[in-house]
1. Filter segment 29-43 down to the residues that are surrounded by fewer than 20 Cβ atoms within 10 Å (Cβ to Cβ) and part of a strand (DSSP E or B), then identify the one that is modelled with the highest pLDDT.
2. Return only the number of the condition from (1) open to solvent by 20 Å² or more (accessible area, probe 1.4 Å); (2) free of Cβ contacts under 8 Å to residues at least 40 places away in the same chain that Ala76 does not satisfy.
3. Out of Ala138, Ala114, Ala132, which single residue is under 19 Å from Pro38 (Cβ atoms) and small (Gly, Ala, Ser)?
4. Restricting the search to segment 121-134, which residues are open to solvent by 70 Å² or more (accessible area, probe 1.4 Å) and free of Cβ contacts under 8 Å to residues at least 40 places away in the same chain?
5. Of all residues in segment 44-62, how many are out of contact with any helix residue (DSSP H, G or I) (no Cβ under 7 Å at 6 or more places or on another chain) and either surrounded by fewer than 22 Cβ atoms within 10 Å (Cβ to Cβ) or over 18 Å from Val102 (Cα atoms) (or both)?
6. Restricting attention to segment 79-116, which residues are surrounded by 15 or more Cβ atoms within 10 Å (Cβ to Cβ), within 13 Å of the chain's Cα centre (by Cα) and either hydroxyl-bearing (Ser, Thr, Tyr) or not in a strand (DSSP E or B) (or both)?
7. Check whether at least one residue in segment 53-60 is out of contact with any strand residue (DSSP E or B) (no Cβ under 9 Å at 6 or more places or on another chain) and touching a residue at least 24 places away in the same chain (Cβ under 8 Å), and report yes or no.
8. Of these, Thr39, Thr112, Thr82, Thr89, which one is in contact with a helix residue (DSSP H, G or I) (Cβ under 9 Å, 6 or more places away or on another chain), at negative phi and of a type in the set (S, T, N, Q)?
Amino acid sequence: MLAFAATPALAQDATGGLDGPMRQVFAAPAVAGYMTTPTDDGPLKRTWTWLFLKDAIPSGADTLALEWEIDCAAGAARTVRTVLYAGSTHMKTDGGPAERSVPPAGSPGAITLASACAPPEQARTTPVANAAAARTAANALFAATAAAGRR
């Protein structure tokens, strides 16, 4: 089980709500997505989506944090940056595209856009305190999905 805490790696990129209260916005057998509370930046919203993976990708990352800039009126978003972690260890940060676009249906961007632009009272999940709590919840989800598959 991987844990996140207030580590120097997390602090390294901790700007604008990277690791704060968040809600689950989607779940599948091998990935769980959580989103921080969106903030208003003029006509735009900003938020982070954390993707917790059951298994690491080839680079060794098992967690991706994506910072989004969202234009609800246009239905468009862009990834400002993507941060990769192996456990709680920061691996790398990549910048995103300069232009916003309409994210593909069903993608993390589309789900994040819809969730960020929805009225807060439409949220369907209970908030968790931070990335550590979200990772714990994701691991519990992965374990429950695996147990259900063995029946």
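The values are calculated or read from the model by the stated rules, or taken from the named source; none is laboratory data. Only a predicted model underlies this, so the values are computations on that prediction, with no experimental measurement involved. Here the Cβ is made from the backbone with ideal geometry for all residues, glycine too, and neighbour counts use every protein chain on show. Quick note on the areas: whole protein, heavy atoms, side chains included, nothing else; ligands and nucleic acids left out. Shrake-Rupley method; radii C 1.70, N 1.55, O 1.52, S 1.80 Å.
1. Taking the candidates together, the pick is Val31.
2. (1)
3. Ala114
4. If the condition is that a residue be open to solvent by 70 Å² or more (accessible area, probe 1.4 Å) and free of Cβ contacts under 8 Å to residues at least 40 places away in the same chain, then Glu121, Gln122, Arg124 are the ones that fit.
5. Result for segment 44-62: 11.
6. Listed by number, the residues that qualify are Thr79, Thr82, Tyr85, Pro108, Gly109, Ala110, Ile111, Thr112, Leu113, Ser115, Ala116.
7. Yes, that holds for at least one residue.
8. Only one candidate passes the filter, namely Thr89.
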